[in-house]
Amino acid sequence: MRPVRYNVAASLDGFIADASGKYDWIPPEPAIDFGALFRDVDTVLLGRHSFELVLRDPAAATWPSAARVVVFSRTLRQSDHPGVTVTADPPADVVAALRAEATGGDIWLYGGAALFGSLLAAGQVDRVEVTVIPILLGGGASDPRGPTADPARAPACRAVSVRAGQLALCHRLRARTLGSVRPRLLRDRYANYPDSVRHH
């Protein structure tokens, strides 16, 4: 089954966007090779707000140029956005069908938080990847809250520090915890980060 990866940046106090819904507090990090990080991605999932962000700032579209882009919205019209697939169908149903495709690469859940929350609750997220940015926003949009995971089900944590004080974390969700977890964060692969990173 094709994996769904949720990749997001968050502030030290747990926000993924500031109070205005902006992301300009996230500094560029030349040490991260986005091409290598997402080379296995061939499908990208976005909610309407995330898609509109990319429309305003095309540089935010860091996925492979050939990737299929699926936008979940009840208000956008397909005819206005011919380069992507716009759907008003239930996200969990759409993603379940994508994951079951016989061929294909990783599925990147680009955002936003509401789409992530609905797919997590439906058991349609396989991995959560968070880069912690060393800044305190004091307010804004946060990740969806849910029941705490059973510690016995969560693997031990590892982390990778990148430059400028940023910390890359990842957690691979186990099948029996999907839909009932506020993810613990585990960085479980280091191959796509530079050799200069420091392991903890």
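The values are calculated or read from the model by the stated rules, or taken from the named source; none is laboratory data. Given the structure is predicted, the values throughout are model-derived calculations rather than measurements. Note that each Cβ is placed from the backbone with ideal geometry, even for glycine, and that neighbours are counted across all protein chains shown.
Yes or no, residue by residue, for (1) among the polar types (S, T, N, Q); (2) over 17 Å from K22 (Cα atoms); (3) surrounded by 15 or more Cβ atoms within 10 Å (Cβ to Cβ):
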| site | (1), (2), (3) |
| --- | --- |
| R48 | no, no, yes |
| V54 | no, no, yes |
| P58 | no, no, no |
| A66 | no, yes, no |
| D80 | no, yes, no |
| A96 | no, yes, yes |
Practice problem: Can you confirm whether segment 31-43 contains a residue that is modelled with pLDDT under 85, over 30 Å from G139 (Cβ atoms), of a type in the set (K, R) and part of a loop (DSSP other than H, G, I, E, B)? | Solution: yes
Counting only residues that are hydrophobic (A, V, I, L, M, F, W, C) and surrounded by fewer than 21 Cβ atoms within 10 Å (Cβ to Cβ), segment 114-132 contains a total of 4
